[in-house]
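Working notes, beginning with the structure itself.
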Amino acid sequence: DGMNWIQCLSKSIQYIEDHLTDKISMDEISNQAYTSSSQFQLLFHLVFGMTAGEYIETVIDLAALDLLKPGSKIIDIAMRYQYDPQESFSMAFTRFHGFPPSK
């Protein structure tokens, strides 16, 4: 049925967001969508116009931009991007940017 792949993609996005601080493989993400890795990547790209890897980087980059705003607090941004605990946000951020969000 037509809704099924949307639910699968949304499950995979949830999985990505829940595991941003881990090293996640495309196989693990595509398992969430019950498809092969190559099928999943094709579908993800068709729907979102970017690869799953680019999506992950985009979330981290959006958080980085938020951090540059005057008066922004790491804890608020961690919450906005549904990072709990805050340390997991710092770990993901540091892994992508090579320096912690406090910098």
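When Kirkwood radius over Cα pairs in Å is computed from the coordinates, the matching label among [x] 14.9; [y] 13.0; [z] 14.4 is [z].
Per 0.36 nm of contour for each residue apart, how much would the distance between GLU17 and ASN4 grow if the chain were fully extended, relative to their Cα-Cα spacing? Kindly include the intermediate steps, with their values, before the conclusion.
Numbers: separation 13, 0.36 × 13 = 4.68 nm, distance 2.00 nm.
2.7 nm is the gain from fully extending GLU17 to ASN4.
Per residue, the chain exposes 62 Å² of solvent-accessible protein surface, assessed with a 1.4 angstrom probe and all protein chains in place. Pairs of Lys residues in the chain that lie 8 or more places apart, or on two chains, and have C-alpha atoms under 28 angstrom apart add up to 5.
In the range 1-84, the portion of solvent-accessible area held by carbon and sulfur atoms comes to 56 percent [1.4 Å probe, whole percent, DNA, RNA and ligands not counted].
Shown is the FRET efficiency for PHE96 and ASP27, computed with R0 = 22 Å from the Cβ-Cβ distance and rounded to the nearest 0.05: 0.60.
The values are calculated or read from the model by the stated rules, or taken from the named source; none is laboratory data. The model shown is predicted, which means the values in this text are computed figures rather than measured ones. Heads up, the Cβs are rebuilt from the backbone with ideal geometry, glycines too, and the neighbour counts pull from every protein chain shown. Surface areas here come from the heavy atoms of the whole protein model, side chains and all, with no ligands, DNA or RNA. Shrake-Rupley method; radii C 1.70, N 1.55, O 1.52, S 1.80 Å.
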